[in-house]
Structure formats: structure tokens, C-alpha cells
Amino acid sequence: MSKSDVALQTLVDVVTHTQADINITVTADGAPITGILISAEEFATNVAQQISRAHDFASEDVKGFNLLFEHLGEAARGEFLHLRNAHLTTCAEALQGEGGWWRIRIADVSGWSCGQVSMLR
């Protein structure tokens, strides 16, 4: 496993502690991904809500599911970065529609830049 980028880790820590969000584009395993850097907690909360809405869970199941994702957010600190409105970008097509939630191991990021990629149509 490669060593994590200290500057990127610091940016993730700032987002975690301030609950701010930052536009970012990263390259992970050769794939450029653009989105909004968010805290692990925001990621976990929203993914849990998205899954709960998509499936017909009983209320007690939703509580357990939310608790699981809450702990997932806590455990992810320092190892993962999380994106909202994330798009896997390619040169072949323009970004379209709403992006998704994306979780990336920080050590897998080979490059990054503040700002989002926008494609011309």
C-alpha cells in the first residue's frame, strides 16, 4: 500500500472538523473522479438515508442501519475521503445529471486538484 498524501489528508481533516465542503477532483487507480469533498459523517448519514428510502425497511431496521453507518463514518476518519455529487469522468462524454456518493481510500489517490472538472458539450 502506498503512503498517503499528507496535504490531501490535511484537507480531509479540515473538512471533517469544520463540516465545510470543497470541490475536488482526484485520480484513483487511473480514474479521474470529480465531486464535493465532505465529511465521513455526512457521507454515512446520506448513504444510510438513500438506502433506507430505496428499500422498505421497518423503523427498527432503519435505526440499526443508521447506527451501523454512523460507526462507519467514525471508523473512516484518516483512511478514506468521501465525495458528494461525484462523477467518474471520461473524455468521451459530458457530465450529466446528479452525481453519486463516492468513498475512496486516500492511499489510492495518485493525484488531486481543488475544483471540479466541467466538460463542454
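Details
- Candidates Q9, Q49, filtered to the one that is of a type in the set (S, T, N, Q) and either modelled with pLDDT under 90 or touching a Leu at 6+ places or on another chain (Cβ under 6 Å) (or both): Q49
- Tallying residues that are farther than 15 Å from I104 by Cβ and surrounded by 15 or more Cβ atoms within 10 Å (Cβ to Cβ) within region 1-22 yields 1.
- Count of residues meeting criterion [over 11 Å from the mean Cα position of the chain (by Cα) and either small (G, A, S) or crowded, with 16+ Cβ neighbours inside 10 Å (or both)] in region 28-44: 4
- Check on A76, at pLDDT below 65 and buried (at least 20 other Cβ atoms within 10 Å of the Cβ): yes
The values are calculated or read from the model by the stated rules, or taken from the named source; none is laboratory data. Because the structure is predicted, anything quoted here is derived from the model rather than measured. A quick note on method: Cβ atoms are made from the backbone with ideal geometry, for glycine too, and the neighbour counts reach across all protein chains shown.
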